[in-house]
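For reference, the structure is listed below as structure tokens.
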Amino acid sequence: MSGETPYFRQRQFMIAQEPVHVGSGATQIGLVDNPIIREPQTNLPKIPGSSMAGIARSYAAMSLEAMNSEFFKGKYAQCAGKNSDTRETFQHCGKNDCPICTTFGYTKGEAKSSFQGLAAFGDAHLLLFPVHSMLGPLWVTCPQALSRLDITDAAFSSVDNGHVLLCSNLSLPESKGINLGWRWFEKSDKTTE
């Protein structure tokens, strides 16, 4: 292959249908018992790539196990979760023909033979956030969150001088603004087409 890479990048957009809490592992005494992981630059919550990889690994292994083919039955259950250093629990198979170990990697045996895996996962970042308003729940974002993903703000209505964008097919009321939670935002002069 002349200058081409055999790898490709895939971007996924996900919606959490239930509350998500990815704890930082640190404990502190106070109002928050288990702080959540946040981006250092923005202080917004995030899900680390390692957590995303673990979810994808488990799902892939369970999907193969769920197939009715005799070829897959009983082969990949041990490769679904985090590898264990103890002999009482199962370990990844580490075989070259195992699609789970090849894709996600493994560490195997006392000699700790390992393989990094072919898939790499980045952190999951917050893009849209549901906020209560007088019109019901609205999905809210900001231009900076969209620009990180090279998304134009054409599908959004702008309030507060363009600092807050509302996911729209929504026309704001005739008044000059809207409440988002307890805060009132003025309608912006900026229009997005």
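The table below lists the values:
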quantity: Computed FRET value (nearest 0.05) for residue 65 with residue 135, which takes r as the C-beta separation and R₀ as 45 Å; calculated: 0.50
quantity: Two-site FRET efficiency, residue 152 against residue 43, from Cβ-Cβ distance with R₀ of 25 Å, rounded to 0.05; calculated: 0.45
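Every number here is computed from the coordinates shown, using simple stated rules; none is lab data. All of these numbers come straight from a predicted model, not from anything done at the bench. Cβ: placed from backbone, ideal geometry, glycine included. Neighbour counts: every protein chain shown.
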